[in-house]
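Visitor: One structure, as structure tokens, below. Some questions next.
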Amino acid sequence: MSHYTIDRFEGPQAILTDNESGEITKTISRSLLPANASEGDILCFDGKHYHIDQAQTARALKNAQSLLESLTHGK
């Protein structure tokens, strides 16, 4: 199963980053994503459909928040 992160939306398109390479690898129609998908969500692609991986998305958000906190507090 492939994993991607939603980098950004450009109009009706979603720009995805491959989680293995870290490179922007796909531009797909936003309509192929779950209706509640947002920038930063981590997606699983099963060959037919994209699904939000809630657990990985939550971990990534927590890691980003911790990094931001450490930068703003000089730790």
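Taken together, the values in this text are just the output of simple stated rules run on the coordinates, not laboratory data. Bear in mind the structure is a predicted one, so any value in this text is a computation, not a measurement. Because the Cβ atoms are built from the backbone with ideal geometry, glycine has one as well, and the counts that use them run over all protein chains shown.
Visitor: Which ³J(HN,Hα) values, rounded to whole Hz and listed in residue order, are derived for segment 53-62 from phi using the Karplus coefficients 6.51, -1.76 and 1.60 in 6.51 cos²θ - 1.76 cosθ + 1.60 with θ = phi - 60°, glycine and proline given as x?
Guide: Rounded to whole hertz, the list is 8, 4, 5, 5, 5, 5, 5, 5, 5, 4.
Visitor: Once you have the Kirkwood Rh of the chain from its Cα pairs, apply Stokes-Einstein at 25 °C and 0.890 mPa s and quote D in µm²/s. All intermediate terms of the calculation are to be shown ahead of the outcome.
Guide: Working: Rh = 13.1 Å.
Calculated translational D: 188 µm²/s.
Visitor: What's the local net charge at Lys26, with K and R +1, D and E -1, over the other residues with C-beta under 11 Å away?
Guide: Working: positive: none; negative: Asp7, Asp18, Glu23.
Value of the local net charge: -3.
Visitor: Let me ask another. Among His51, Ser2, Leu61, which residue has its Cα positioned farthest towards the positive end of the charge dipole of segment 2-72, with +1 placed on the Cβ of Lys and Arg, -1 on the Cβ of Asp and Glu, and the dipole taken about the Cα centre?
Guide: His51
Visitor: To the nearest 20 debye, what charge dipole does segment 2-72 have about its Cα centre, counting +1 at the Cβ of each Lys and Arg and -1 at the Cβ of each Asp and Glu? Each step should come with its number before you reach the end.
Guide: On the way: 6 positive and 10 negative charges, 34 e Å.
Charge dipole of segment 2-72: 160 debye, to the nearest 20.
Visitor: What length, rounded to one decimal in nm, is gained on full extension from Ser38 through to Gln56, with 0.36 nm per residue of separation minus their alpha-carbon distance?
Guide: Additional length available on full extension: 5.1 nm.
Visitor: Let's test the formula: R0 of 35 Å, r as the Cβ-Cβ distance of Leu71 and Asp46. What FRET efficiency results, to the nearest 0.05?
Guide: Details: r = 36 Å, r/R0 = 1.03.
Once the sixth-power term is evaluated, E becomes 0.45.
Visitor: Within the set of other residues whose C-beta is less than 14 Å from the C-beta of Ser2, count the net charge using Lys and Arg as +1 and Asp and Glu as -1. Numbers along the way, then the final one.
Guide: Values: positive: Lys26, Lys48; negative: Asp18, Glu20, Glu23, Asp46, Asp53.
Taking every Cβ under 14 Å from that of Ser2, the sum is -3.
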